[in-house]
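Structure first, then comments.
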Amino acid sequence: MIVGIDLGTTNSLVAVWRDGAPQLVANALGSFLTPSVVGLDDDGQVLVGQVARERLQTHPQLTTALFKRYMGSAHEVRLGKRSFRPEELSALVLKSLKADVERAFGEPVSEAVISVPAYFSDAQRKATRVAGELAGLKVDKLINEPTAAALAYGVHQKEQTTFLVFDLGGGTFDVSILERFDGVMEVRASSGDNFLGGEDLDDALVKSFVERQAGNLPDASQPLLRQRLRREAQRVRHALGQQDSATFSLRDNGREWCEAYTQEQLRQILEPLLERLRGPIERALRDARIRVADLDEILLVGGTTRMPLVRKLVAGLFGRFPSMHLNPDEVIAQGAAIQAALKARDAALEEVVLTDVCPYSMGIETTQQHGEHFEGGRYLPIIERNCVVPVSRVEQVQTLHDNQREVLLKIFQGESRLVKDNIFLGELSVPVPPRKAGEVVLDVRFTYDNNGLLEADVKIPMTGESHRLVIENNPGVLSREEVAAKLKALEGLKVHPREQQVNTVLLARLDRLYQECLGEMREYVDRLAGEFQRVLEGQDERQIREHRSAVIQRLDELERGF
């Protein structure tokens, strides 16, 4: 049996395809929602779901949640005498869902389609596959959450439509633009924030409550008290979705602290977080080259979209009411079950071809020469974000020095123009014939497939030799030695004109625009940033001031044209 699973930050669900429709499977408590919480009891036995969630307040040292946020990293959580990686904790949740299905239908579950946020990196996707394998599941297919939601909404049954999926869950925010035509569902663009969700809204409310009490509370950093505060914040946030006011109440050792909140006060507290939703939406629209008026439908997904504040924001952004006729908590699991049925070629389903995009740009480190000056650490994107996969792209580079005998190709993932701000994926050493600088040309081809594998193929036309590297490791994990080295490097920094706030703000703006733009516009921003950094190196205050004004004027013109 193949099942569809929504492995969520806050809650997880499982569904199967039965009698021509997706069917959610209840857990042992009769609920479709299984909290993504894992703990140990006093005897060291594993607890998963609601029972573990209840013990978050009473046994915080033996219970953990929100581990999905650390997927693809080396982060470990200690429960009692044992340490767990995020993949292991997720595997325990998956194993519990698998047991629920086997109990309900009396047959073994061997395979699963698991949903992931569209903005998950390669490392996070690989970690999700590993979690499935640890749970005893074959995971040939991951499906992006917005794509799963589109399948569940029935958009796949329409002839032709363009729609946006707004997916705000407990821990992540995704926005995807999809187009359906001729039996194909194509993802045009995806964007998001892997650290923005309902849990962050609760944290903001907790912070407000603690600040209002102005030191009257016991130490709020204590794990036990922290969990109680977060749970009360969630209750208050949900209550304010139904009524005009609610009281935040904390009891401890016979004492009680209370604060009343109105819907307007909640809006003010959450406004900075809600404003962060705009950026990914605007980026996805730009990358897809689609105007808001061209969208046929806006789909809401994720439990946090139940909040009136969020729905009001979405309606204001798009000038229309979004579709919300399906349960936002359940829609992703239903879509994953539909994808499982498509994979099993169920006769009741019309075949739909799903295309996807790579959520991040991938490229190499280069050094550029400007007169007598060399500027290293520059990022050359080869596959840019939101290219439809599978995709293959090639770029040419050349040797930098006379009689150079080797080119070390360092591969990165990300959107920043300097490689130090991107994620290192791997490296490939390529021997080259010794010639004058620039005479030896290398064709660097990147090929990226639906399984998240990146193949780097380097060919030297002069000799006909080829060198190949397949990136399969989990990137982005710093060792303790690397962390210590970075801290030591920071201590050695001296004040330089480029550290002045007026210059750092402009550099940050250049980096932001570089990440938001593509193609020729991205190259233009890159040139402006490179020129400004070279002026900073000269440390001539008058020249820096004049050049800064010119760059700001050009960026203002560029942004007005968006």
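Odds and ends about this structure:
- Conditions (1) hydroxyl-bearing (Ser, Thr, Tyr); (2) outside any strand (DSSP E or B); (3) surrounded by 15 or more Cβ atoms within 10 Å (Cβ to Cβ): number failed by SER176: (2)
- Exactly one residue out of ARG103, ARG85 is within 28 Å of LEU201 (Cβ to Cβ) and basic (Lys, Arg), and it is ARG85.
- Of the set (1) under 21 Å from the mean Cα position of the chain (by Cα); (2) in a strand (DSSP E or B); (3) not aromatic (Phe, Trp, Tyr), all apply to VAL130 but (2).
- Residue check, GLY170 of a type outside the set (A, V, I, L, M, F, W, C) and touching a helix residue (DSSP H, G or I) at 6+ places or on another chain (Cβ under 9 Å): yes
- Residues in the stretch 122-138 that are over 20 Å from VAL14 (Cα atoms) and either surrounded by fewer than 22 Cβ atoms within 10 Å (Cβ to Cβ) or assigned by TED's automatic domain parsing to the domain that holds ILE423 (or both): ALA123 alone.
- Some residue of the stretch 202-214 being out of contact with any strand residue (DSSP E or B) (no Cβ under 6 Å at 6 or more places or on another chain), touching a residue at least 24 places away in the same chain (Cβ under 8 Å) and charged (D, E, K, R): yes
- Filter result for ASP193 (under 11 Å from the mean Cα position of the chain (by Cα) and acidic (Asp, Glu)): yes
- Restricting the stretch 361-393 to residues that are surrounded by fewer than 14 Cβ atoms within 10 Å (Cβ to Cβ) and of a type outside the set (S, T, N, Q) leaves a set whose member that is farthest from GLY538 (Cα to Cα) is VAL388.
- Residues of the stretch 43-96 satisfying the condition of being buried (at least 17 other Cβ atoms within 10 Å of the Cβ), part of a strand (DSSP E or B), at pLDDT 90 or above and not small (Gly, Ala, Ser): THR63, THR64, VAL77
- Residue check for LEU205: over 24 Å from ALA74 (Cα atoms) and in contact with a Ser or Thr (Cβ under 9 Å, 6 or more places away or on another chain): no
- In the set (1) among the charged types (D, E, K, R); (2) part of a helix (DSSP H, G or I); (3) more than 30 Å from ASN253 (Cα to Cα), the condition left unmet by GLU211 is number (3).
- Checked against (1) outside any strand (DSSP E or B); (2) polar (S, T, N, Q); (3) within 20 Å of GLU145 (Cβ to Cβ), SER12 meets all criteria but (1).
- Test for VAL37: is it modelled with pLDDT under 95 and of a type in the set (A, V, I, L, M, F, W, C): yes
- Some residue of the stretch 496-514 being outside any helix (DSSP H, G or I), modelled with pLDDT under 75, out of contact with any strand residue (DSSP E or B) (no Cβ under 8 Å at 6 or more places or on another chain) and not basic (Lys, Arg): yes
- Just one residue in the set VAL187, VAL165, VAL175 is β-branched (Val, Ile, Thr), in contact (Cβ under 8 Å) with a residue 12 or more places away in the chain and in contact with a Phe, Trp or Tyr (Cβ under 7 Å, 6 or more places away or on another chain); that residue is VAL175.
Residue-by-condition table, conditions (1) of a type in the set (Lys, Arg); (2) outside any strand (DSSP E or B):
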residue: LEU196; (1), (2): no, yes
residue: SER221; (1), (2): no, yes
residue: ARG226; (1), (2): yes, yes
residue: LEU229; (1), (2): no, yes
residue: GLN243; (1), (2): no, yes
residue: SER249; (1), (2): no, no
residue: GLU259; (1), (2): no, no
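The values are calculated or read from the model by the stated rules, or taken from the named source; none is laboratory data. Model, not experiment: these values are computed from the prediction. Glycine also receives a Cβ, built like all others from the backbone with ideal geometry; neighbour counts cover every protein chain displayed.
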